[in-house]
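The values are calculated or read from the model by the stated rules, or taken from the named source; none is laboratory data. For clarity, every value in this text was computed on a predicted model and none was experimentally measured. All Cβ positions, glycine included, derive from the backbone under ideal geometry; neighbour counts span all protein chains shown.
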């Protein structure tokens, strides 16, 4: 089969008219209609739909002896159902349908499935360009040899019956008188229906004279003879003897055979290619369906013909909602006409385009996608399809923007962070150097911010930081920079004319921060400590100015907070001293540079020792004796306070074990423990391990805690104290009256002892108010069966007054100062008879 005809369609060769009649039409009317239009088949309609077909070959099934044959309804003799085929199908597909259903006519339908014509097997064969094949095939191989020859006076009905019985489509008629042969075909039988008369003889309907051809001629010669004389049958003769009949159908069958043979080869090749293509298509569809990227395929005109599941996931549109529509359904309206012109120009030039594009999901959300559009040209076809492959990069873009934001701005307040502040400070210093200007760098640190976090929670603390940031920004001039360095630390960079303007700004900041903040229904105060350094007096570079402003801020904290300090050179020495202390602290902890001192307590009733408090001291070889007021906050800042607690507990256990060996009976040894240790939930375990290590009873130990230890987590503190009580460890509440806790703690927590803070004892008995407070505390503790210890007793009058109030125990210089280990042993020995 020529390659050029391989892609011919039904619409290229079909007859574009459909001759039809209704199902109740009489047979004679149907035949007249067929003859009028010179067609070999007529279709039958019912309710405007094709329901059957009747062809001239169906004449063989009729009973011509039936006098009512003309009035037979077409519906009773038609063939049904009618096989149809689309006009857009290939001729090779039509040939398969003819072969599958063994029919010779197909109804052709248009794109709307409406009848538009008819195609026969003859139409296909005649359009295959196989005439050359007939030249190599002799007539001798194809014609019908055993053709019936009937006399001219035989009745037509009898002849038709003979044709039907022998399954012959033609019959020869011999007229002896004229010595002539004629022929009757299926088409001639149509005349019999129109002019039905049972007494007609065969010769009346026979066609003659007959055209003859030799068996040695080619089928092409026969085909040309038929075409030239407009006949469909030739008599095959050899030396004037009739051998048979060659019909046009024989030629068509031969061509059909050649066509089908060639078609089988082509179809075999197509099947192999189809199997390969189907496998590739299967794999491609599996890959497309499994892809996490959205995939959309469109026709050349932009109509969507396929999407994958990831498309639905990413856009929200189901497949049925977009098939047949244009991709503009996804348009966000964010891109102008020029954007799309450049896109399609790139596709036209390079066959591909890649880039970011903003589209809209079904729910209206905008999203950014990375899109690749590929132009695909199908082989042997001018049509073009486009494949769009995309992934949602909205989160990545947001993350990139957030990274940039986090890199230069504080996430909580939106203020510049340390990096951006340093950049601006460097640029400001360069400009100030050129213009001989003055700059101020101010460190602002909120006072006691940790207490707000611990009492109200971190979310409240975060909200307070945002409020503070807004108040500070409102005070600054355009061009000034406010940054948050972290935690509760802010820094201001501003141009100033003189020192007075720096002091004025600092005063405004302090005054505005002193106005209470409304936080979770409460009025919360937030004071600050401010330090400032001036360019060029206090430094010429960023690092020096920031360091000096920081030093001045810490000086503000040292002198009582809620204040402002300008940097002075003397502050630097104090800062260096603190820095040296920080660097030495870890070393001191690891090398046992700490030492326990012991301060005994006296029972006012028996005048005997009523326990001892262990007090921590640090003597550094370089820095000398360092006060706990200095290194305890340092330990908390460095995160080493719990480690310091463990050192004290361990050494206290060693001392208790030593006391037992020496027979010292001085009551319980009291140890101060940090709030952090308690809040971490590890205190009871640490105490238990120490008692086991030195084989001690819990009754010999007293743990001192301040009221602030319970604020951050009351339930955790209660659980820890209950576990300590199970070990018989006593609990003392230190510095009572100076914290933030409620009196209800005394009934909710397993406390054994109250220690009245020295600040109350220092002003009794003369100061108005203090005496009454101390008396009230002692009375309350007595009613709760709590032991009362008065701290900081230094005078006889204080001693006498406390004794009169019924106080249980005193502690202070009046009885005994804190003693080193050797001094403590000597003190105890003096009080104990030999």
Unique residue being surrounded by fewer than 19 Cβ atoms within 10 Å (Cβ to Cβ) and either assigned to a helix (DSSP H, G or I) or outside the structural domain of residue 225 (by TED's automatic domain parsing) (or both) when the list is 107, 162: 162
Filter result (closer than 18 Å to residue 798 by Cα and out of contact with any helix residue (DSSP H, G or I) (no Cβ under 9 Å at 6 or more places or on another chain)) within the range 603-625: 603, 606, 607
Output for the range 483-495, where each listed residue is surrounded by fewer than 21 Cβ atoms within 10 Å (Cβ to Cβ) and under 24 Å from residue 462 (Cβ atoms): 485, 486, 487, 489
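Yes/no matrix, rows are residues, columns are (1) closer than 30 Å to residue 264 by Cα; (2) touching a residue at least 24 places away in the same chain (Cβ under 8 Å):
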{"position": "30", "(1), (2)": "no, yes"}
{"position": "36", "(1), (2)": "no, no"}
{"position": "50", "(1), (2)": "no, yes"}
{"position": "63", "(1), (2)": "no, no"}
{"position": "73", "(1), (2)": "no, yes"}
{"position": "82", "(1), (2)": "yes, yes"}
{"position": "85", "(1), (2)": "yes, yes"}
{"position": "96", "(1), (2)": "yes, yes"}
{"position": "104", "(1), (2)": "yes, yes"}
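Which residues, counting only those in the range 618-631, are surrounded by 13 or more Cβ atoms within 10 Å (Cβ to Cβ) and touching a residue at least 40 places away in the same chain (Cβ under 8 Å)?
623, 626, 630, 631
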Failed condition for residue 497, given (1) over 17 Å from residue 410 (Cα atoms); (2) in contact with a helix residue (DSSP H, G or I) (Cβ under 7 Å, 6 or more places away or on another chain); (3) at pLDDT below 90: (2)
Members of the range 784-802 that are under 13 Å from residue 604 (Cβ atoms) and surrounded by 13 or more Cβ atoms within 10 Å (Cβ to Cβ): 787, 788, 789, 790, 793, 798, 799, 801, 802
Breaking point among (1) without any contact (Cβ under 8 Å) to a residue 40 or more places away in the chain; (2) surrounded by fewer than 16 Cβ atoms within 10 Å (Cβ to Cβ); (3) in contact with a helix residue (DSSP H, G or I) (Cβ under 8 Å, 6 or more places away or on another chain), for residue 541: (1)
Filter result (under 11 Å from residue 324 (Cβ atoms) and part of a strand (DSSP E or B)) within the range 292-305: 298, 304, 305
Residue selected from the range 529-544 under the condition touching a strand residue (DSSP E or B) at 6+ places or on another chain (Cβ under 7 Å) and modelled with pLDDT of 90 or more, by the criterion nearest to residue 432 (Cα to Cα): 535
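So which of 683, 743, 721, 646 ends up being assigned by TED's automatic domain parsing to the domain that holds residue 612 and closer than 29 Å to residue 608 by Cα?
721
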Looking only at the range 38-82, and only at residues there that are exposed (fewer than 15 other Cβ atoms within 10 Å of the Cβ) and modelled with pLDDT of 90 or more, the one that is nearest to residue 22 (Cα to Cα): 46
Residue within the range 804-812 that is part of a loop (DSSP other than H, G, I, E, B), touching a residue at least 12 places away in the same chain (Cβ under 8 Å), on the phi > 0 side of the Ramachandran plot and surrounded by 15 or more Cβ atoms within 10 Å (Cβ to Cβ) present: yes
Complete set of residues in the range 677-719 that are under 53 Å from the mean Cα position of the chain (by Cα) and in a loop (DSSP other than H, G, I, E, B): 680, 681, 682, 711, 712, 713
Test result for residue 498, without any contact (Cβ under 8 Å) to a residue 40 or more places away in the chain and surrounded by fewer than 19 Cβ atoms within 10 Å (Cβ to Cβ): no
Conditions (1) surrounded by 14 or more Cβ atoms within 10 Å (Cβ to Cβ); (2) without any contact (Cβ under 8 Å) to a residue 60 or more places away in the chain; (3) not in a strand (DSSP E or B): number failed by residue 505: (2)
Given (1) in contact (Cβ under 8 Å) with a residue 60 or more places away in the chain; (2) assigned to a strand (DSSP E or B); (3) under 16 Å from residue 552 (Cα atoms), index of the condition residue 484 fails: (3)
Residues satisfying the stated conditions in the range 421-450, i.e. within 42 Å of the chain's Cα centre (by Cα) and either more than 21 Å from residue 554 (Cα to Cα) or crowded, with 21+ Cβ neighbours inside 10 Å (or both): 421, 423, 424, 425, 426, 427, 444, 445, 446
Flag if residue 289 is in a helix (DSSP H, G or I), at pLDDT 80 or above, more than 30 Å from residue 92 (Cα to Cα) and in contact with a helix residue (DSSP H, G or I) (Cβ under 9 Å, 6 or more places away or on another chain): yes
Odd one out for residue 403, checked against (1) out of contact with any helix residue (DSSP H, G or I) (no Cβ under 6 Å at 6 or more places or on another chain); (2) in the same structural domain as residue 539 (by TED's automatic domain parsing): (2)
Selected residue (criterion: surrounded by the fewest Cβ atoms within 10 Å (Cβ to Cβ)) from residues of the range 321-351 that are outside any helix (DSSP H, G or I) and more than 27 Å from the chain's Cα centre (by Cα): 336
Selection count where residues are surrounded by fewer than 16 Cβ atoms within 10 Å (Cβ to Cβ) and either part of a loop (DSSP other than H, G, I, E, B) or not assigned by TED's automatic domain parsing to the domain that holds residue 736 (or both), scope the range 750-762: 1
Residue within the range 769-783 that is in a loop (DSSP other than H, G, I, E, B) and surrounded by 13 or more Cβ atoms within 10 Å (Cβ to Cβ) present: no
Number of positions in the range 132-155 that are out of contact with any helix residue (DSSP H, G or I) (no Cβ under 6 Å at 6 or more places or on another chain) and not in a loop (DSSP other than H, G, I, E, B): 8
Selection count, the range 651-673, where residues are within 11 Å of residue 598 (Cβ to Cβ), touching a helix residue (DSSP H, G or I) at 6+ places or on another chain (Cβ under 7 Å) and either free of Cβ contacts under 8 Å to residues at least 24 places away in the same chain or not in a strand (DSSP E or B) (or both): 2
Matching residues, the range 719-734, being in contact with a helix residue (DSSP H, G or I) (Cβ under 7 Å, 6 or more places away or on another chain) and either over 20 Å from residue 807 (Cα atoms) or surrounded by fewer than 19 Cβ atoms within 10 Å (Cβ to Cβ) (or both): 720, 723, 724, 727, 728, 729, 731
